[in-house]
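Report on one structure; see the data block that follows.
Every number here is computed from the coordinates shown, using simple stated rules; none is lab data. All figures in this text were calculated on a predicted structure; none of them were measured in a lab. Cβ: placed from backbone, ideal geometry, glycine included. Neighbour counts: every protein chain shown.
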């Protein structure tokens, strides 16, 4: 080792710094995209784990376009995180990139551990707003409140606190928060913005909210469940149950995925989302793209990510309402509003706050869900 | 020294050799995962650290246990779901015993007509995924509480079903019992069949009434099978998640597995695995009771050197009504759910049931974005990915069934021949434990265990053999229970006679023991076979693109609400499983029509 020190000369330092700065800034600024494309062609089959099944047709289209083989493994939210985490821990290099939801949990287990890294392909760097670049957002998903249009000519909702009141007793359906990680994240925002919820209560009733829970968010969860909420296991069935025609007393839906509205003409549903309920129309969450830190086919993965940020690559998701690319060129799905409109009216969630508080949300849910 | 070696070699009987081997292998495949799970319940995980003041990820903690058992909300978090779980598990097991045992007795011991049909049909409820029955229940009996089209019962009669009948513990118990009664049918049927008729004849000669014979002779002899059935169904009742979540949610009645899944999805595995540990502990308790209560009485040997088949009970004038009743029952628990699945696959637009809407698009259609659901996916029968996945599933099911069958026979042999020793008890219990472990946890632990080479064990990541190992360990209990039951009924004098005439161990197995209990072993292989075709949560973490299975690939359709594809795949599996069951029974000459075995 001493020999190394003796050979040290100032000139080397300059070269070293130069190289270091090149390496450090290369991905951000001067990545040679032509080189990435060329290298991708030389790599093997790209393996993608994805929570959304639409990655399958996107991969097939990409393969047709570039000749690069793509293998998409569709996994549930929790399964994907668990699998990628265990593989990362064991040092198994199977997956090249992931298309993942529940970024609160996956950030903690997959990014903070260094198994996956963020990557911003050229198109996203150029076209996407900066806040959608780290982590790189493939698209946003909306979850909304909904009602039956045969029973109601106009939006019956004005305020989320209505759902805790007698007229909605035993009539509101929600996918079980206990088994839906994103619901848990979203409800932490109700805790974080307790003041706004409290104000909404006063606005609706003219009274001050009296609480037995530590804040208005948890108080809402308690009252909602005590109002005989109906817990379901599938958003599809919720949408169908609300929208079926010929019902005297149809149920209402909370937090089901808006993209189910794609089936309205197909199944002749009398279903509409609420566009006036205060203080939030529901919530949105990102689908995130991440690159495996030791991917076998990093260049192919980068190329696929680039493709997914284009309108062509996003096409499989764009065939329904309720899914939005950060790409500003996207035209909204027929009858849907553009992303900016929704982003203003929907609550997202704060990643750090969600990580810290979703345990409490889940506990409150479990406590009052059990009657 | 030389005598010591010789003594050792004399003592090295096949059963001891097997005992050592199996203890070693099961030790690794069962004890290690169990240890990992226990350890997790004492560890702080990343998202758990926020609820434990001052804790860092990876720290040791008892907070999960305290919270679960003595925390201020432990009633809602733990005790209430536990009570619900026990109610479901107990009543479903009893119901499954009554239905399965009753059917088995009718088929084996009476002159009921249509036995062949009945005994083939009676396993089909287990071939279908349990959710099909839950779905069928809702289609029939749901009321306006969960909206949508009214249930058929209400539509026809105009009577709204009460909530307790439509949702919650009652339908959960019924649908699960209807799903699991085939266990009782197969295990108890095998046991009844093997009762030496001489025993009953002797009792009859001594003046015992038919009721007395049933109570004092037949019942004690099938008691081990009854307990096995109880153990298998009870444990399933403890761990099942899908049906309770689906039927219980609308009236907010939850079970212990809800807690497991909720906390796993909430990224709090420490709390989640406690639910799993409790389930395992309860299963072990039943296993222990089984040993205490049955242990002493198990020395009954029902197959001796010579035996006779019992005469059939004449049902007299009840023959036809009973046959109608049984066939009607089987028809409604089989044809109704299967019919509901099938109809959905040929309706171009879901939920609209008329002839104009009939189409084979989801079976043989070309990929299209314009027709029906506009999925852009080719029909099931021309979808090479789906067909390939079906092929993989069948390959896995056959291999696992064979491996389980052989292992179950050998472990059963070892357990029974060493009966009374600690080793025997240990082996019996070890081989049962994986059955009690939630498959989602088992899958994750196997991934961690086999992802990289550890000592002499190579990395099996991404191989077909990892799937085989996971399934074998998970379903071994079926085969071992069958193996033990079979062996229990065979007197050692048969094997001793074979030894006297110089037969090697292998010959003894092949020529004496196996042929005598072919039917029981066959049941022991059939259950793993069927189970593999449906397994998802155990394998989802272990499959790679190259070995996709029918269930894992179907996820992408379920995900988007494209139920015609999901249902079609389930239907394909059901048809393949039933066909292969019937064919293999013919091949093994274990035709049930002649009374559960050959």
Margin query: What value in Å³ per residue do you get for the convex hull of the alpha-carbon atoms in chain A?
Written below: 175
Margin query: Calculate the FRET efficiency for residue B:368 and residue B:335 from the Cβ-Cβ distance with a Förster distance of 25 Å, rounded to the nearest 0.05.
Written below: 0.20
Check: Most exposed first by the Cβ proxy, i.e. fewest other Cβ within 10 Å, how do B:500, B:279 rank?
Finding: B:500, B:279
Margin query: Based on the alpha-carbon set only, what is the convex hull volume of the stretch A:42-186 divided per residue, in Å³?
Written below: 179
Check: Given 0.36 nm per residue, what is the gain on full extension from residue B:313 to residue B:353 after removing their alpha carbon distance, in nm?
Finding: 9.8 nm
Next item on the list: For an R0 of 56 angstrom, estimate the FRET efficiency from the Cβ-Cβ distance between residue B:39 and residue B:518 and round to the nearest 0.05.
Entry: 0.85
Margin query: Run the simple label-point estimate for residue B:453 and residue A:65 please: 7 Å along Cα→C-beta, distance reported in nm.
Written below: 4.1
Next item on the list: Could you tell me which of rounded, prolate or oblate describes the stretch B:144-285, using a ≥ b ≥ c as the square roots of the eigenvalues of the alpha-carbon gyration tensor, with rounded for a/c under 1.5 and, failing that, prolate when a/b is larger than b/c and oblate otherwise?
Entry: oblate
Check: Which whole number gives the average, over all residues in A:53-60, of C-beta atoms from other chains lying within 10 Å of the residue C-beta?
Finding: 3
Check: In cubic angstrom, how much convex hull volume per residue do the alpha carbon atoms of the stretch A:282-371 span?
Finding: 173
Item checked: Distance between the stretch B:39-54 and the stretch A:32-99 - C-alpha centres, whole angstrom -> 31
Notebook entry, point to check: Sorted by packing (mean other beta-carbon atoms within 10 Å per residue), highest first, where do B:359-365, B:89-95 land?
Noted result: B:89-95, B:359-365
Notebook entry, point to check: How big is Rg to Rh over the stretch B:16-128, alpha-carbon atoms, Rh as the Kirkwood inverse-mean-distance radius?
Noted result: 1.21
Next item on the list: Could you please rank B:465, A:190, A:339, placing first whichever residue has the fewest other Cβ atoms within 10 Å of its Cβ?
Entry: B:465, A:339, A:190
Note to self: Rg and Dmax in Å for the protein assembly as shown, alpha carbons only: what are they?
What the structure shows: 30.3, 111
Note to self: If I model a spin label at residue B:201 and residue B:98 as a point 7 Å from the Cα along the Cα→Cβ vector, what separation in nanometres do I get?
What the structure shows: 3.5
Notebook entry, point to check: Under a plain spin-label model, where a point goes 7 Å from the Cα along Cα-to-Cβ, how far apart in nm are residue B:285 and residue B:87?
Noted result: 1.7
Check: Is there a simple number for the mean count of other chain Cβ atoms within 10 Å of the Cβ of residues in B:42-50, and what is it?
Finding: 4
Notebook entry, point to check: Using the scaling law 2.2 N^0.38 Å as the reference, what is the normalised Cα Rg of the stretch B:471-515?
Noted result: 1.37
Next item on the list: May I ask you to derive the relative contact order of the stretch B:36-182, considering only C-alpha pairs under 8 Å and at least 6 residues apart, and to give it as an integer percent?
Entry: 23
Check: Can you give me the relative contact order of the stretch A:196-340 as a percent, contacts being Cα pairs under 8 Å and 6 or more apart?
Finding: 16
Check: Any number yet on Rg/Rh for the stretch B:469-598, C-alpha, Kirkwood?
Finding: 1.12
Next item on the list: Please give the FRET efficiency for residue B:50 paired with residue A:134, using the beta carbon to beta carbon distance and R0 = 22 Å, rounded to the nearest 0.05.
Entry: 0.45
Check: Is the stretch A:194-314 rounded, prolate or oblate when judged by the Cα gyration tensor, a ≥ b ≥ c being the square roots of its eigenvalues, rounded requiring a/c under 1.5 and prolate requiring a/b larger than b/c?
Finding: oblate
Notebook entry, point to check: What ranking of A:176, A:350 emerges when the number of other C-beta atoms within 10 Å of each C-beta is taken as an exposure proxy, fewest first?
Noted result: A:350, A:176
Checklist line | Percent RCO, i.e. relative contact order, over chain B, from Cα pairs under 8 Å lying at least 6 residues apart | finding: 19
Next item on the list: Quick one: give the max-minus-min coordinate of the C-alpha atoms of the stretch B:504-556 along each principal axis, largest first, in Å.
Entry: 51, 20, 13
Next item on the list: Go through A:265-275, B:444-454, A:35-45 and give me the packing order, highest mean Cβ count within 10 Å leading.
Entry: B:444-454, A:265-275, A:35-45
Next item on the list: Working from the alpha-carbon coordinates of chain B, get Rg over Rh, Rh being the Kirkwood radius.
Entry: 0.98
